[in-house]
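The values are calculated or read from the model by the stated rules, or taken from the named source; none is laboratory data. The structure presented is a predicted model; accordingly, all values stated were derived computationally and were not measured. Reconstructed Cβ throughout: ideal geometry from the backbone, glycine too, with neighbour counts over all protein chains shown. Accessible surface is based on the protein model in full, side chains and every heavy atom, while ligands, DNA and RNA are left aside. Shrake-Rupley method; radii C 1.70, N 1.55, O 1.52, S 1.80 Å.
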Amino acid sequence: MELSARINKFKQERNAVILAHNYQRPEVQDSADFVGDSLGLSLAASRTGAKVIVFCGVNFMAETAAIISPDKLVLMPDPNAGCPMADMITVEKLKELKVGYPGRPVVCYVNSGAAVKAESDICCTSANAVGVVRSLPDKEIIFIPDKFLGQFVQNKLPEKKLILFNGYCPTHARILPEHVARAKAAHPGAPVLVHPECRPATIAAADAALSTEGMARFVKESPAGEFLIGTETGMIYRLQKENPGKKFYPVTELAGCPNMKLTTLEKVLWSLAELKTEIKVSKEIADKARAAIARMLEVGRQD
Ligand code: 13P
Ligand code: SF4
C-alpha cells in the first residue's frame, strides 16, 4: 500500500486529524486535513472533533495545540523540530525584562515556549500582532521575542511605545533589501509580499507584510499574475497549488527553515502508527498559557 493510503487508514482508525503549517514539505501538506498559518492552526486545533492531532510544524505550534486542547493527544512526527527564535527567550529573561519595566503588559508572539506564554498577558501571531497591541489600553507594552515583528507593529501604531526583546527569526533575517531589489528587477511589476518577521528595511522595500495566510488571501484576490514571496520558501508550494494560473518566485532561495523540513511523510505515518511523540505541557503552565492564548483568539485575525 502507498504511504498516503497507509496514513489515511491509520488516521481513520485513530480518529486523528493532520494539521500542517504552510512551510511544510509539499507531500506533508498534501497529506494534511488542514494547512495554514499559526493562527489558523491554533483555531483548527481548538475546533476539531478528532481525538488525536498530528501536528506537522514546529514545537511551539504543537505545544499551543496541546494547551488549547488538553483532552486531545497531540503528536509531533519529529519532536526535534524547534524554533530558534522561540528558544531565544526564556522565563528568566522575561522576568528580568519585567523587573526593568514594572506594570507593563506583556504581548508574547506565539513563537515562544509554553512557560514564556504562561508569564505573558496576551499572545499574538503575525496575523494579529497589530490588533492585539491596539486592543490593550496601555501606552507602554513589552513585546517579545521578535524585535522585527515588534518594530513592524511599532511603525503601525506610533501612539504606543513598545519595549522590545532582542529576538529574531534566522530564516527571515536572511531576506535582505538587496534581494528584494534584485527580484523586482527580474520581475518588474510583480507585487512583493514579505513576512513581518523580516528586517524593517526588507519590509520597507516590499509592497505588503503579511502572515502566511494573509499572503494566501492577498494572492487569491489580486489581479496580478506574478508575485515575489519573501518568506520561508515552502510557502510557494501552497500558493502555486491554489493558484495554478499565477507565477510565484522566492525573493531569495536562502530563506529555508531547516526545522520546518524535519517532518517527512514517513515520520507522519510512524507518528500515527505508534501514537508518538506526545507533546505535553504541565497543567500549571498550560492553565496560565491558555489564558494568554484565549485572549488572543478573542481578537481574531487582522490581516
Ligand atoms: P505564520 O503564523 O505567519 O504562519 O508564521 C509562522 C512562522 O513561524 C513564521 O516564521
Ligand atoms: Fe521559527 Fe523562523 Fe522557522 Fe518560523 S521560519 S519556525 S520563526 S525559525
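Compute, for Tyr168, the solvent-accessible surface of its heavy atoms (probe 1.4 Å) with the complete set of protein chains present, and express it in square angstrom to the nearest 10. Its heavy atoms expose roughly 80 Å² to the probe.
The length gained on full extension between Ala294 and Ala224, counted as 0.36 nm times the residue separation minus their Cα-Cα distance, comes to 21.5 nm. On a per residue basis, the stretch 256-303 carries 54 Å² of accessible surface, using protein heavy atoms and a 1.4 Å probe.
A full extension of the chain between Asp138 and Lys276 corresponds to an added length of 45.4 nm, given 0.36 nm per residue minus the alpha carbon distance. D by Stokes-Einstein for the chain, Kirkwood Rh over Cα pairs, 37 °C, 0.692 mPa s: 168 µm²/s.
Of all stretches in the chain that contain no GluC sites (Glu not before Pro) in a DSSP loop with at most 16 other Cβ atoms within 10 Å, the longest one is 3-158. Taking square-rooted eigenvalues a ≥ b ≥ c of the alpha carbon gyration tensor, is the stretch 165-220 rounded, prolate or oblate, where a/c under 1.5 means rounded and, failing that, a/b exceeding b/c means prolate? Here the stretch 165-220 falls in the oblate category. Of the trypsin sites (Lys or Arg not before Pro) in the stretch 47-152, the ones in a loop by DSSP (not H, G, I, E or B) with at most 11 other beta carbons within 10 Å are Lys139.
State which entries of Lys72/Lys288; Lys98/Lys139; Lys156/Lys247; Lys139/Lys288 exceed 20 angstrom in Cα-Cα distance in the structure shown.
Numbers: Lys72/Lys288 18 Å; Lys98/Lys139 15 Å; Lys156/Lys247 30 Å; Lys139/Lys288 24 Å.
Listed pairs above 20 Å: Lys156/Lys247; Lys139/Lys288.
With all protein chains present, how much of the accessible area of the chain (probe radius 1.4 Å) comes from carbon and sulfur, to the nearest whole percent? Percent of accessible area from carbon and sulfur atoms in the chain: 53. The 1.4 Å probe gives accessible areas that order Ser271, Ser126, largest first, as Ser126, Ser271. Going by accessible surface with a 1.4 Å probe and the largest first, Thr264, Thr64 read Thr264, Thr64.
For the pair Asp33 and Glu266, what calculated FRET efficiency results from E = 1/(1 + (r/R0)^6), where r is the Cβ-Cβ distance and R0 = 22 Å, to the nearest 0.05? List each step's numbers first, then the result.
On the way: r = 19 Å, r/R0 = 0.85.
Efficiency for this residue pair is about 0.70.
With a 1.4 Å probe and all protein chains kept in place, how do Asp78, Asp121 rank by accessible area, largest first?
Numbers: Asp78 15, Asp121 65 Å².
In descending accessible area the options line up as Asp121, Asp78.
Pulled fully out, how much extra length does the chain show between Glu92 and Glu2, if you take 0.36 nm times their separation in residues and subtract their Cα-Cα distance? The partial results should precede the final answer.
Values: separation 90, 0.36 × 90 = 32.40 nm, distance 4.77 nm.
Taking Glu92 through Glu2 to full extension adds about 27.6 nm, to one decimal.
Restricting to the chain, compute how many DSSP beta bridges are antiparallel as a %, nearest 5.
Details: 1 of 32 bridges.
Here the antiparallel bridges make up roughly 5 percent for the chain.
Over the residues of the chain, the helix contribution to mean residue ellipticity at 222 nm works out to -13000 deg cm²/dmol, using -39500 (n - 2.57) for each DSSP H run of at least 4.
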